[in-house]
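The values are calculated or read from the model by the stated rules, or taken from the named source; none is laboratory data. As the structure is a prediction and not an experimental result, all values here were calculated from the model. All Cβ positions, glycine included, derive from the backbone under ideal geometry; neighbour counts span all protein chains shown. We work out accessible area using only protein heavy atoms, side chains counted, and drop any ligands, DNA or RNA first. Shrake-Rupley method; radii C 1.70, N 1.55, O 1.52, S 1.80 Å.
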Amino acid sequence: MCGIVGLFLKKEELRPKLGELLTDMLVTMTDRGPDSAGIAIYGDEAGRLKLTVQSDTPEATFHGLDVALSHAIESPVAMRVIDTHAVLTLPEAAEAQARAYLAEKGIRVMGAGHAMEIYKEVGLPRDVARRFQLRGMAGSHGIGHTRMATESAVTTLGAHPFSTGTDQCLVHNGSLSNHNQMRRVLSEKGFAPQTANDTEVAACYISSRLAEGANLGEALEGTLKDLDGFFTFVVGTRNGFGVVRDPIACKPAVMAETEDYVAFGSEYRALANLPGIETARVWEPEPATVYFWER
């Protein structure tokens, strides 16, 4: 079933409240997906690349990791640890070298970007939010997901969002029927999914289209032609977020817009406590129609 939330803030003064608002939206969707949860936050840019990594044994794995990685890539690395995740800040030119080192050490990369940080784990949304201190996070926009696993195991790697491109991530409600076929196609293009989750296939598809020169709107339009099944996709990018539903649109979705924000929820109750919601323009996104907002 799953639940999706998204919030794009139009006003700078609201940025400190992003984590609080998005967390309340996410927790409200708990009964749509109680097995795991995740969130992508687009916050301040450090002028260097941020790699969000995860470990099941964070105390041992992250101890001294910044120093060791600095030596491996011969560049300074800053590290901020939050529960089972850590955000490593390093020169963008050293990304490939850093990824190779982390893979050798068995450390999972959740996502990479100048603005984006991704946090996801198994557990109830309220517990995941508490562990990662999501309420205290600031930023311009973010998307979140509560998962009810249907097509793959309940694992950290199976949780959403999935990130397969710089500052890009995707969450999904629904099921794809041609994901195995698309795995083969995407693998041949160099965008091989790493998990059994069909949502990662969709994320890889978006990445492949962007790499081919499509813009976000064109990439989302392409999902309507190339991906079979029923789906609602919400995609986060460095500058905003986009929404698309399949032509049948059997999965619930609602949006709201004010002068202060644009919000998405699988159900209206995810939006009900947002400030100014009583005067917002509220609507159900049309089937097979692309919506996106950028700053």
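Summary table
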item	result
Heavy atoms of residue 260 accessible to a 1.4 Å probe, total area in Å² rounded to 10	50
Cα gyration tensor shape of segment 195-295, rounded if a/c is under 1.5, else prolate or oblate by comparing a/b with b/c	prolate
Net dipole in debye of segment 115-157 [+1 Lys, Arg Cβ; -1 Asp, Glu Cβ; about Cα centre; nearest 20]	180
When each of 120/225; 10/50; 189/225; 189/251 is checked by Cα-Cα distance, pairs over 21 Å	120/225; 10/50; 189/251
Residue-averaged [θ]222 nm for the chain, counting only DSSP H segments that reach four residues, each worth -39500 (n - 2.57)	-7500 deg cm²/dmol
Solvent-accessible area, 1.4 Å probe, carbon plus sulfur percent, for the chain	50
Selection from 70, 87, 107, by position along the positive dipole direction of segment 46-114 (Cβ)	87
Qualifying GluC sites (Glu not before Pro) for segment 1-87 [loop in DSSP, other Cβ within 10 Å: at most 16]	45, 74
Average accessible surface area per residue within the chain, 1.4 Å rolling probe, Å²	40
DSSP-assigned coil residues among chymotrypsin sites (Phe, Trp or Tyr not before Pro) in segment 126-203, each with at most 13 further Cβ atoms within 10 Å	none
